[in-house]
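The values are calculated or read from the model by the stated rules, or taken from the named source; none is laboratory data. Computed from a prediction, not measured in an experiment: that's the story for all the values here. Positions of Cβ are generated from backbone atoms using ideal geometry, with glycine treated the same way; all protein chains shown enter the neighbour counts.
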Amino acid sequence: MTHAIHYLTSWDIYSGTGMGSEYEQAIYNLFNAALIDMCCKQDKMFVRNAYVTYAMVIDKINEIGNDTSDINAPFSLGSLMFDVMSDYTKGVEKSSIIQNPLAYMQSCIWTRMQTGIADAYSFMRRDGLI
């Protein structure tokens with residue numbers, strides 16, 4: 001599962017110092033760790049006031065799909081990744097204390113997985129792309 005997530009998030013490009021700043025790199029690494037944990041956890045997770053299973057997370061990844069030719073494609077895991085990283089950054093900047101960064105990242109991931117596809121469709125409809 002680790003290799004699959006790394007492939008889908010372009011680990012070969014962004015690992016090390018590929019994200020630019022150390023701060024962005026740390027958030028990228030945390031995103032990967034959180035998503036891998038969510039996909040491998042055998043017990044139900046309590047995320048955003050709901051029970052979530054690894055199968056639900058993997059189903060969302062499959063639903064989102066991945067266009068490896070364009071990591072910013074509206075329905076790619078890469079696009080979701082950058083949105084989640086932005087959400088996480090905004091949340092950290094607003095809150096003085098985040099007690100569990102991994103759990104907070106998982107919350108950001110699950111929220112975007114729930115709303116990301118609808119957001120992408122809305123964007124494309126608004127811009128006349130579909």
request  = Considering only the stretch 19-38, state which residues are more than 10 Å from MET85 (Cα to Cα), touching a residue at least 40 places away in the same chain (Cβ under 8 Å) and among the hydrophobic types (A, V, I, L, M, F, W, C).
outcome  = ALA33, ALA34, LEU35, MET38
message = Being at pLDDT 90 or above, touching a strand residue (DSSP E or B) at 6+ places or on another chain (Cβ under 9 Å) and not charged (D, E, K, R) narrows it down to one residue among MET81, MET38; which is it?
response = MET38
key: Residue selected from the stretch 90-101 under the condition part of a helix (DSSP H, G or I) and surrounded by fewer than 13 Cβ atoms within 10 Å (Cβ to Cβ), by the criterion modelled with the highest pLDDT   = LYS90
key: Count of the stretch 41-59 residues which are exposed (fewer than 12 other Cβ atoms within 10 Å of the Cβ) and either modelled with pLDDT of 95 or more or hydroxyl-bearing (Ser, Thr, Tyr) (or both)   = 2
query = Of the residues in the stretch 9-18, how many are over 13 Å from PHE82 (Cβ atoms) and surrounded by 15 or more Cβ atoms within 10 Å (Cβ to Cβ)?
reply = 2
